[in-house]
Amino acid sequence: MPLSALNLEQLSAAKASLGHNLIIASAGTGKTSTIVGRIAYLLHSGIDPSKILLLTFTNKAAGEMVARLERFFPKSIVSRIESGTFHAVSYRWLKERYPTVALKQPGELKTLFRSLYEKRNFKRLNFDIEPFSSLYLYEMYTLYQNASLDGFDVWFLERYPDHKPLMDIYMDIIDEFEVVKREYGFVSFNDLLLWIKAYLEESAIPFEEVLVDEYQDTNTLQGALIDTLKPRSLFCVGDYDQSIYAFNGANIKNISTFAKRYPGANVFTLKTNYRSTAPILSLANRVIERNERIYPKKLEVGRVGRHHPPRLLIYEELFDQYQAIAHMIKETHIPHDQIAVIFRNNASADGIEASLRELGTPCKRKGGTSFFEAKEIKFLLDLLALLVNPKDMMAFIHIFSYARGIGSALAKEFFHCLVHFGEGDLIRGALSPRLFDLPKLNPHKNIQLGLFDDDLEIGSISRFAKLSLSEEIRAHPLLKHPRLSQDGLFFFQEYYHFLRSVKQSKNPGTILQKAIESKLYKDVVDRLSTQRAQLKSGEIDEEKKRLSQDRILRKARLLLDLSRPYKELQRFVNAMILGGSELSEGEGVNLLTVHASKGLEFSEVYIVDLMDGRFPNRKLMSKGGSIEEERRLFYVAVTRAKDKLYLSLAKRDRIKKLDFIPSPFLHEAGLVKGEFPGASGDED
């Protein structure tokens, strides 16, 4: 039975009397087993399963607990337990009581909000301060709903007092937004909780016990909803040291004030860690105890056996770090799926992923786009691949798909034209065409594009007579193609100039540098960053576009770094494209942000970029974060490791010309001697 597998501290919590019970479940101490044991105890005590509510933060977590219970109880009993995420449970209840409501996705509601925002003519009102965009105002309103029970104006002006002159207009937009939603029966994810909370204030649902998993991640609204349920008994499980979602509205006060808000509450502590070795836990304790101890606790070792002390790895340069770790992973005997590389910032993953690919080591990246699947990287690699193999039609099609008005079918025709002009050689056909008649591109049709009469040929070329073209381009036979547009022609001209610029080059780094500096690539960067910054209304968020351009160019510089050890273009292209196409698929080394790693465990863990500014992330701290939250993130990352833990940093970023100092957490862990010297440059 579930209870028989529990240790004494878990069993004591699982068999607690009905009332207000808080279980501090530190990392690796078996919180899921304790929750399952608690539900089993309630069922054995005769509690009606329909009077038990289990609230989790993922449907996967709820499903796992239900599946465990079904090993010991009939499905007919377990299925009567109300379980799921806050939003899933609220949606079921809402549909029962208001069957006509329609749950709308954030994107749809942003569009509605923008339409109301745009009715206000801010420019005519001539304020001294620039109003927030509709997107930002919507996001602030959504965050407010999670984070505060005060009025939006009170909450908002505490953060942005200089926007007081605009507050009446902001409130008018929000009021109209709520009226329109009510009129059409639209509800947001926050509305699910708000509507159910309002319903419960009038008509209670009589639960004997409400169990809450990951209680430290609840926000103010979720905390208020729990209180509104007024169950006979409350069983909350969480760890204040793993509260890492403040940016998303999580309120650590829910767990920190539990004993004060519920007089007579019982607080249990699960402190025996069965996951990590003694040296890893000792390091985690040394760092996290710098944060305020809300409830007394200290992790204790539940494992016996051989221990590996955590290792600090220091490298001269940022990219050296990534390559060295990739080599360490390649040489380890640990299965790839039991290895994790954990990072604070997504940019760190690109260097690791690139270095692993170079060595042919499979990896999988949770969240975001693989470095090598990013469009800006694929474009550059396609440019190089076509130089290595001019018969690579797919690379050509991918490149020319970025020209306006050229789809795959037309790009394929252009490819065949250039191969024809070069008598089988695409590069020669682009730079020094030998044949000047268009080929028969579609022999299955009666119209033969290669048999134009003189008037048609002259007419097609004359379309471009007023354009600013070089003489070589103006004389190029591709201009005879009847479906070549002005945009397509300008794109071809830039491709032509790129080919000319690298014609005598052999070194991969030199060729890649010219590709990155080419107008061809700059146009692609502009197009991609514009797409990524486009709002639903069609407007371009200029700040978002600038950030997108920075990220694109950062990836390009990383690819350039990868090319430096290579002397032959073909070997570089093979390593980047042909040697590791499976790297972001299936099994492999886990590349994870700290947030994505939460709840997981691995035999071997590498925490990278432990430099002040990167981890802790000073830029995010300046936007409302805190060193305490960053320290909790470090604690979560460290406690993912079962057997081996590596902590790494670099002294310098050569590309950005930045010098780094070690993270303060390494000083706190005792791995770096001396006092922490203070904050350095920040990274995003």
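The values are calculated or read from the model by the stated rules, or taken from the named source; none is laboratory data. Since the structure is predicted, the reported quantities are computational estimates derived from the model, not experimental observations. Using ideal geometry, Cβ is built from the backbone for each residue, glycine included, and neighbour counts are taken over all protein chains shown. The area values use the complete protein model at the heavy-atom level, side chains included, leaving out ligands, DNA and RNA. Shrake-Rupley method; radii C 1.70, N 1.55, O 1.52, S 1.80 Å.
Brief remarks follow.
- Using a simple spin-label model with pseudo-atoms 7 Å out from Cα toward Cβ, K60 and R159 lie 2.9 nm apart.
- Student exercise, region 491-572 dipole from Lys, Arg, Asp, Glu Cβ charges, in Debye to nearest 20: 380 debye
- Estimated FRET transfer efficiency when R0 is 25 angstrom, pair K330-R571 (beta carbons, to 0.05): 0.85
- Of the GluC sites (Glu not before Pro) in region 259-360, the ones in a loop by DSSP (not H, G, I, E or B) with at most 15 other beta carbons within 10 Å are E289, E292.
- Region 84-150 has equivalent-ellipsoid semi-axes of 32, 15, 9 Å, by the square roots of 5 times the alpha carbon gyration tensor eigenvalues, sorted largest first.
- Around the amide H of V341, modelled in the peptide plane, lie the amide H atoms of N590, L591, L592, Y606, all under 5 Å away and 5 or more residues distant in sequence or on another chain.
- In terms of distances greater than 22 angstrom between alpha carbons, the cross-link table entries K197/K230; K110/K366; K364/K514; K598/K651 yield K110/K366; K364/K514; K598/K651.
- The chain, dipole about Cα centre (Lys/Arg Cβ +1, Asp/Glu Cβ -1), debye to the nearest 20: 1060 debye
- Gain in span if fully extended, R463 to E176, counting 0.36 nm per residue against the direct Cα distance: 98.1 nm
- Mean shadow area of region 355-443, taken as a quarter of the surface of its Cα convex hull (nm²): 7.8 nm²
- Counted over the chain, the DSSP beta bridges are approximately 10% antiparallel.
- Note on D150 and A198: their simple-model spin labels are 2.2 nm apart, each label 7 Å out from Cα toward Cβ.
- Percentage relative contact order, region 90-207, counting C-alpha pairs under 8 Å, at least six apart: 46 percent
- Among the listed pairs K104/K623; K522/K555; K503/K656; K15/K95, those beyond 25 Å (Cα-Cα): K104/K623; K503/K656; K15/K95
- Net length gained if the chain between K378 and S115 were fully extended (0.36 nm per residue, minus Cα distance): 91.0 nm
- From largest to smallest, the equivalent ellipsoid semi-axes obtained for region 316-393 from the alpha-carbon gyration tensor read 26, 15, 13 Å.
- Per-atom-type breakdown for region 118-270 gives carbon and sulfur 50% of the accessible area (1.4 Å probe, protein chains only).
- Between region 641-660 and region 189-252, the C-alpha centres lie 39 angstrom from each other.
- Distant-in-sequence amide contacts of K651, defined by a placed amide H-H separation under 5 Å and a gap of 5 or more residues or a different chain, comprise Y315, E316, E317.
- Residues S12 and E543, FRET efficiency given R0 of 56 Å [Cβ-Cβ distance, rounded to 0.05]: 0.60
- Over the Cα atoms of region 26-80, the radius of gyration divided by the Kirkwood radius equals 0.95; this is the Rg/Rh ratio.
- Its relative contact order, with pairs defined as Cα atoms under 8 Å and 6+ residues apart, puts region 42-91 at 49 percent.
- Pairwise label distance in nanometres, F436 with S256, each label 7 Å out on the Cα-Cβ vector: 8.0 nm
- Per-bin percent of Cα-Cα distances, region 291-359 [10 Å]: 15, 38, 25, 20, 3
- For region 469-543, the Rg and Dmax computed from alpha carbons only, in angstrom: 15.9, 47
- Taking Cα atoms only, the orientation of helix 31-44 departs from the longest principal axis of the chain by about 50 degrees.
- The fraction of Cα-Cα pairs per 10 angstrom bin, counted from 0 for region 86-200, comes to 12, 43, 31, 11, 2 percent, rounded to whole percents.
- Relative to the dominant Cα principal axis of the chain, helix 347-358 is inclined by about 60°.
- Secondary-structure-derived ellipticity at 222 nm for the chain, considering helices only, amounts to -14000 deg cm²/dmol, per-run term -39500 (n - 2.57) for DSSP H runs with n ≥ 4.
- Rg to Rh quotient for region 134-208, alpha carbon positions, Kirkwood Rh: 1.04
- Reachable lysines, given that their alpha-carbon falls under 16 Å from the alpha-carbon of K544 and they are not under 8 places away in the same chain: K536
- Rel. contact order, % - alpha carbon contacts under 8 angstrom, at least six apart, the chain: 17 percent
- Ordering S83, L499, Y646 by Cα displacement along the dipole of the chain toward the positive end leaves Y646 in first place; charges were set at the Cβ atoms of Lys, Arg (+1) and Asp, Glu (-1).
- Global dimensions of the chain from alpha-carbon coordinates: Rg and Dmax equal 30.3, 97 Å.
- Hydrodynamic radius by Kirkwood, which averages 1/r over all alpha carbon pairs of region 492-631, in angstrom: 18.9 Å
- Solvent exposure of the chain, expressed per residue, is 45 Å² of accessible area, with all protein chains present and a 1.4 angstrom probe.
- Here the Kirkwood formula, the inverse mean of 1/r across different C-alpha pairs, assigns region 129-276 a hydrodynamic radius of 17.6 Å.
- The percentage of C-alpha pairs in region 31-121 whose separation is greater than 16 Å is 64%.
- Stretched out straight at 0.36 nm per residue, the stretch from R554 to D227 would grow longer than its current Cα-Cα span by 113.0 nm.
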